[in-house]
1. Does any residue of segment B:119-137 turn out to be within 14 Å of chain A (Cβ to nearest Cβ) and at pLDDT 95 or above?
2. When you scan segment A:81-94, do you find a residue that is over 19 Å from A:E169 (Cα atoms), at pLDDT 95 or above and out of contact with any Pro (no Cβ under 7 Å at 6 or more places or on another chain), even just one?
3. Which one of these is among the β-branched types (V, I, T), within 14 Å of chain A (Cβ to nearest Cβ), in contact (Cβ under 8 Å) with a residue 12 or more places away in the chain and buried (at least 19 other Cβ atoms within 10 Å of the Cβ): B:I265, B:I298, B:I252?
4. Answer with yes or no whether A:S21 is of a type in the set (S, T, Y), modelled with pLDDT of 90 or more and within 26 Å of A:G181 (Cβ to Cβ).
5. Within segment B:159-171, track down each residue that is more than 17 Å from B:R251 (Cβ to Cβ) and touching a helix residue (DSSP H, G or I) at 6+ places or on another chain (Cβ under 6 Å).
6. Can you tell which of B:M196, B:M161 is within 19 Å of B:E112 (Cα to Cα) and either in contact with a Leu (Cβ under 7 Å, 6 or more places away or on another chain) or not basic (K, R) (or both)?
7. Inspect segment B:215-232 for any residue being surrounded by fewer than 13 Cβ atoms within 10 Å (Cβ to Cβ) and within 14 Å of chain A (Cβ to nearest Cβ) and give the result as yes or no.
8. Out of curiosity, is B:A65 under 17 Å from the mean Cα position of the chain (by Cα) and either closer than 25 Å to B:G168 by Cα or away from every other protein chain (no Cβ under 14 Å) (or both)?
Amino acid sequence: MSVTQRRLKATVMDADQIRRSLSRIAHEIVERNRGTGEVVLVGVVSKGDVLAQRLAAILTDMERTVVPVGRLDVAEHRDDRHLRQPSHRATSEMPAIDGRIVVLVDDVIHHGRTARAAMDAVMDFGRPRAIQLAVLVDRGHRELPIRPDYVGKNVPTSDSERVEVLVEEEDGVDQAVIVAG
Amino acid sequence: MAVGSRMRHVIESQQFPRSLLEELFVRAEEMKREPHRFMGRLNGQVMAALFYEPSTRTRLSFEAAMLRLGGLTMGTDNAREFSSAAKGETLEDTIRIVSGYADVIVMRHNEEGAARRAAAVSTVPIINAGDGPGQHPTQALLDLYTIRDELNRIDGIKVAMVGDLANGRTVRSLTYLLSKFKDIKVWFVAPPAVRMRDDLKAHLDEHHIPWVETEDLDAVLPEVDVVYQTRIQKERFDSIAAYNAVKGVYRIDKHALEQMRKYAIVMHPLPRVDEIDPEVDGDPRAAYFRQARNGLHIRMALLDKLLA
């Protein structure tokens, strides 16, 4: 269901805020890891991979070296997969991650179940030295002991609301919105 | 004073523990996002605005905050000339009388320490809206809220305080608040004539907050997350020549923006004169108008905390 079909409650980030958040996260990744030499960005399908591409572009521009980017489809690893309709599988593409620092990128973190699934999925591809987590929006309500390393914006929400990130590449506009669930 | 999450008066920014700041910020965020949820929260309550010094935005944003929560406001603009103070009434007596009429008193006074004196005799909460060269705690709240809103964190941020640091009470109040957070680093960029006072530097040392004093803004710009620009206060200089020698030195313009990080923000308590070029206004990093707007929401959160 698209955003327009549900009740839009509030815009929590506009295009400028998203751009500046990604730029800040890029700086934080560089500071934390003392450069990007060992960093691999891995975006979680479907919005995380778009954001990972943008982060990679910013990092490449900042550090003058290309940062590898992967994309991850976590459908097989979700703990609720028996509840979900089988969907069109977006296939994962993963650069070499052995001994590297994998920065997982997703649009929204909520219960933390997608992040857990993504960590499992990454491990199927190799043994990274470390996994870090970057999200554009952290809406709280964690059900697992997971905390993102890089956060665009904390948006406290009620459990009945939904946070949706729209990206220009897919939705024609950059925006994070809260919609009634 | 704040005890746990209880708060009676708002006198100085040191009184806010981190937990209370966080509570106010979350509430302000909710009020900004869904204002209709808070309509009528302060139905029938009355705020008195007692201003012994001129103010436009602080006073109007407090009044707007009260009205938006369903409360009522009354006040006097020029309390020194047009109240019983002109007849020789003491501040203490004025507060005793007004606290019989209102549920909260917002006060700006020309003397440092006036808010504390008022709180000592008031039967309703006193909010310090600036006491001479002392403090302006609600400005510091909105400044810190803006930093958190723009950068999503306060711990670990690097701030350049620029301009007239000797006379700016907003810079003082904000720096006191920042000292409650972790891994903060502060640059004081000021002409020698208006450097940050030593008491505040000592306070930072006590709280293990590293600070650097410099006159070289260009060297600092690429390092920081926040550029907090202030007006060089002409009236504080001995001669016009001395003022003219420094007034244009710290100007935030396109060139300065080029030195800054892509996500860093420019703040200013306003009013500005020419220390921020209007050509900066269109850049997404220009946060000062958003900052001013945040004053409404943080003051709504504060009134709600004190009165609801």
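1. No.
2. no
3. B:I265
4. Numbers: of a type in the set (S, T, Y): yes; modelled with pLDDT of 90 or more: yes; within 26 Å of A:G181 (Cβ to Cβ): yes.
Taking the combined requirement at face value, the residue satisfies it.
5. The answer is B:A166, B:N167, B:T170.
6. B:M196
7. Checked against the condition, which is being surrounded by fewer than 13 Cβ atoms within 10 Å (Cβ to Cβ) and within 14 Å of chain A (Cβ to nearest Cβ), segment B:215-232 yields at least one hit.
8. Criteria met by B:A65.
The values are calculated or read from the model by the stated rules, or taken from the named source; none is laboratory data. Values in this document were obtained by computation on a predicted structure and should not be read as measured data. Ideal geometry is used to build each Cβ from the backbone, glycine not excepted, and the neighbour counts take in all protein chains shown.
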